[in-house]
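These notes are about the structure you will find just below.
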Amino acid sequence: VKAMLGPEWRMPSKDDFAKLVDTSVCTQEWDATRKGWTFTGKGGYSSNSIFLPLAGYEDGEVRVGAGERGWYWSSDATDATYAWGLYLRDFSAFNPNVHDQNFRYLGYPVRAVR
């Protein structure tokens, strides 16, 4: 991320994702047109937001779950096989969670932050 966008950019950490899904820290708003979620900070962070589309992921040459689910890599790996990530669903089944059972070989999107 830093090589492509500059030194002020980075991948979100596991803790960054945990804050996104914590309703005491952020609001979550579904966008049915763009099929994704806008997360906006509360309090002194209300000018900060991030949009995460339900982009799915790639498994080999196959796109899985686009428009229905979203998986995003964090910067935190748990071991050589797994890494922490954020999992999202559409409004009807919204239950975002941060978990470490993400196979690192899968093509999850990366959303840079600064």
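Within the bounds of segment 105-112, is there any residue that is over 11 Å from the mean Cα position of the chain (by Cα), hydrophobic (A, V, I, L, M, F, W, C) and farther than 13 Å from Asp16 by Cα? Yes, there is a match, as at least one residue in segment 105-112 is over 11 Å from the mean Cα position of the chain (by Cα), hydrophobic (A, V, I, L, M, F, W, C) and farther than 13 Å from Asp16 by Cα.
If only residues of segment 91-104 that are modelled with pLDDT of 85 or more and more than 14 Å from the chain's Cα centre (by Cα) are counted, the one that is surrounded by the fewest Cβ atoms within 10 Å (Cβ to Cβ) is Phe103.
Of the residues making up segment 74-90, just one is of a type in the set (A, V, I, L, M, F, W, C), open to solvent by 30 Å² or more (accessible area, probe 1.4 Å) and either touching a Phe, Trp or Tyr at 6+ places or on another chain (Cβ under 6 Å) or outside any strand (DSSP E or B) (or both), namely Ala80.
Kindly indicate whether any position in segment 47-54 is surrounded by 13 or more Cβ atoms within 10 Å (Cβ to Cβ), small (Gly, Ala, Ser) and touching a residue at least 40 places away in the same chain (Cβ under 8 Å). Scanning segment 47-54, I find no residue that is surrounded by 13 or more Cβ atoms within 10 Å (Cβ to Cβ), small (Gly, Ala, Ser) and touching a residue at least 40 places away in the same chain (Cβ under 8 Å), so the answer is no. Close Cβ contacts (under 7 Å, 6 or more residues apart or on different chains) running from residues in segment 61-74 that are at positive phi to residues that are in a strand (DSSP E or B) comprise Gly65/Gly56; Gly65/Tyr57.
The values are calculated or read from the model by the stated rules, or taken from the named source; none is laboratory data. Bear in mind that the values here come from a model prediction, so they are computed numbers and not experimental data. Here Cβ is always computed from backbone atoms with ideal geometry, including for glycine, and neighbour counts include all displayed protein chains. We work out accessible area using only protein heavy atoms, side chains counted, and drop any ligands, DNA or RNA first. Shrake-Rupley method; radii C 1.70, N 1.55, O 1.52, S 1.80 Å.
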